[in-house]
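Taking it in order: structure first as structure tokens, then the write-up.
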């Protein structure tokens, strides 16, 4: 229990630190509010000072940080100048779309990579070598390139719809049709994300599994006549899982990054295009909110990884 | 032994990429901004060895491409005249590093024919030349950023490892902050606070510093670990016991222990940082047009029409695979601990 509390406290401190970092990002960015007014000869400096006071810009930076943080905790995520409305009023749809993409890809990637990794570790020879080569090739392809290659193949095959999140006549579909349409649009981006992370996961699962299989207790179990499947899944896999759990957090963070690229390429209406657009137009509140959201997801992913480790490793649970 | 020869091949591949990038003026048949308005979106030039009448030629040759009358961007070979492929051909004048000027290019064909091995882009610029010049930007940014990140990482790691105490705690918490964000979001966030439209050299500097700033945290943690464990080694303890000064012991005994980590991290970070540069330029946050980088020459592909119609625009993607594959091989060989020491 102490371990869990410690991890949660750690997460909270980290989030606080990231919020300070983001606030500094907001204030350190070149260009100050009312710079445009300053160039206007009709606006007196007294007016600008009054405006600055009205928005609290004359206060010390620490006080402004607390004011901003308080607003954030109350769900006030700032004002988007290019959209002309509060950030919170439009940020949820992109967030939901990104999470849909990333979480689907994370779950699928783990479901695929665990059997492959274990299979590679337990069957030596040709399979292991072919998978090794395939993962090396995939690992050495930069993510934007991988995305473009798969996109090119998909364009040739013309099997899945390309780009966007729904068909033009989406609203006319029944519920089942809507789900099917969404899944068809989800297929290619998820495939790219899975291909991007699969080699990393397979390699680590394989390595960790090989480590455990060399342990004396596995040999003892084998010699003692325990069935092969039972040795692999019941005796070796749980022990091999412990060094793998940190990769749960890693995979979420990594897939968030890759999904940014994929979203931009595939015009998926997620956080990626929003983030990029807000950088181009210097819409700093949106930039900061997206950064905070992405951090939140990654930190939560790490927390889940810690909890999984706690649940699986009796050495931590009982200490 | 197999690993050693694999290592040699990989290092040779990496070195040749750098060589081509450094001497881009010589290796690229055309300049990166030279646009041939009569050959926009032209497919790769076919290289022949057999001519119309069925004769074989020892020297490969190309035909001139002309646009089909009435059809936009469809090209046809003019089979009446052959243009042999020539090596060390006199071409457009260039100045290398502002000192050496020359006209020789590795290969090319006599005008009015032209050779576009990777085809041309929408402005009729040779994709291969842009790829070669783009290697310069991408590799320079990636390599220098890795060097800077490793330098900072080593410095910070040494600081934490030798001083310990609250300095160590504060800095290590600080590195966690850098690792708590998804790297691309962090990269873009740091990029966001810097000016967007700048001159080429400033953008290059911005790219370099952004990538290095985002990437120093992880090596710093690793260096700290190695330095901490190196200080426990018997001969290091002995060196300080017999009266070696702190700085002397660090420089003479502790620092050399980080050598192998430095090498492995370099082989790991350089490709990562090249990818970071490629990603930033791909998203339009790199060095502006017309200067190419591996990311910006791929940016038009994000529009499906151009990807569907112009398959040759994917060729640069395939061309970088050997480089990244070699870096990957070097890293995995360096990380193995069963290599026999080279004698």
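Read-outs throughout are calculated quantities, based only on the coordinates presented, and are distinct from any laboratory measurement. Keep in mind that what you see is a predicted model, and the values were worked out from it rather than measured. Positions of Cβ are backbone-derived with ideal geometry, glycine not excepted, and every protein chain shown enters the neighbour counts.
Cut-off 19 Å, label point 7 angstrom out along Cα-to-Cβ of residue B:100: give me the residues of segment B:9-34 whose amide nitrogen falls inside. Of the residues in segment B:9-34, B:15-32 have backbone N under 19 Å from the label point off residue B:100. Annotation: segment A:1-127 has a Kirkwood hydrodynamic radius of 19.7 angstrom, from the mean reciprocal C-alpha pair distance.
Computed over chain B with a Gaussian network model linking Cα atoms closer than 10 Å, the most mobile of B:281, B:114, B:74 is B:74. Note on residue B:36/residue B:299: beta-carbon distance plugged into 1/(1 + (r/R0)^6) with R0 of 30 Å gives a FRET efficiency of 0.90.
In segment A:134-199 the Cα-Cα distances spread across 10 Å bins starting at 0 as 20, 43, 26, 10, 1 percent of all pairs.
For the segment B:189-198, counting C-beta atoms of other chains within 10 Å of every residue's C-beta and taking the mean gives 5. Computed extension length for residue B:255-residue B:15: 83.7 nm, one decimal, from 0.36 nm per residue of separation with the Cα-Cα distance subtracted. Considered as an equivalent ellipsoid built on the Cα gyration tensor, segment B:26-129 has semi-axes of 25, 19, 9 Å, the largest given first.
Mean residue ellipticity, 222 nm, helices only, chain B: the sum of -39500 (n - 2.57) across DSSP H runs of n ≥ 4, divided by residue count and rounded to 500, is -17500 deg cm²/dmol.
Against chain B, whose longest principal axis is taken from its Cα atoms, helix B:183-192 shows a tilt of about 80°.
Each of residue A:134 and residue A:207 was given a label point 7 Å from its Cα along the Cα-to-Cβ line. The distance between the two points is 2.0 nm. Peptide A:132-143 has a mean of 5 when you count, residue by residue, the C-beta atoms of other protein chains within 10 Å of its C-beta. Spatial offset of segment A:71-128 relative to segment B:256-291 amounts to 25 Å, using the alpha carbon center of each. In units of the compact-protein estimate 2.2 N^0.38 Å, segment B:130-336 shows a Cα radius of gyration of 1.21. Distance from a point 7 Å along Cα→Cβ of residue B:49 to each backbone N in segment B:60-86: keep the residues under 11 Å and list them by number. Zone members listed by number: B:60-61. Within segment B:73-89, what residues put their amide N at less than 20 Å from the label point 7 Å along the Cα-to-Cβ vector of residue B:66? Within reach of a label on residue B:66, which here means backbone N under 20 Å from a point 7 Å along Cα→Cβ, segment B:73-89 contributes B:73-84. Considering only A:89, A:140, A:174, the mean-square fluctuation computed in a Gaussian network model of chain A, springs between alpha carbons under 10 angstrom, is largest for A:174. Measuring nothing but alpha carbons in the protein assembly as shown and taking Rh as the Kirkwood radius, the Rg to Rh ratio lands at 1.00. Peptide A:273-284 has a mean shielding of 3, counted as Cβ atoms of other protein chains within 10 Å of each residue's Cβ.
Just checking the listed ones, A:40, A:242, A:97: in the Gaussian network model of chain A with Cα springs under 10 Å, the one fluctuating most is A:40.
Volume of the convex hull of chain A (Cα atoms only), normalised per residue: 194 Å³. Measuring spread by the Cα atoms of segment A:222-307 yields a radius of gyration and Dmax of 19.9, 68 Å.
Rounded to the nearest 500, the 222 nm mean residue ellipticity of chain A from helices alone is -24500 deg cm²/dmol, with -39,500 (n - 2.57) taken per DSSP H run of at least 4 residues. Rounded to the nearest 10 degrees, the angle from helix A:271-280 to the longest Cα principal axis of chain A is 40 degrees.
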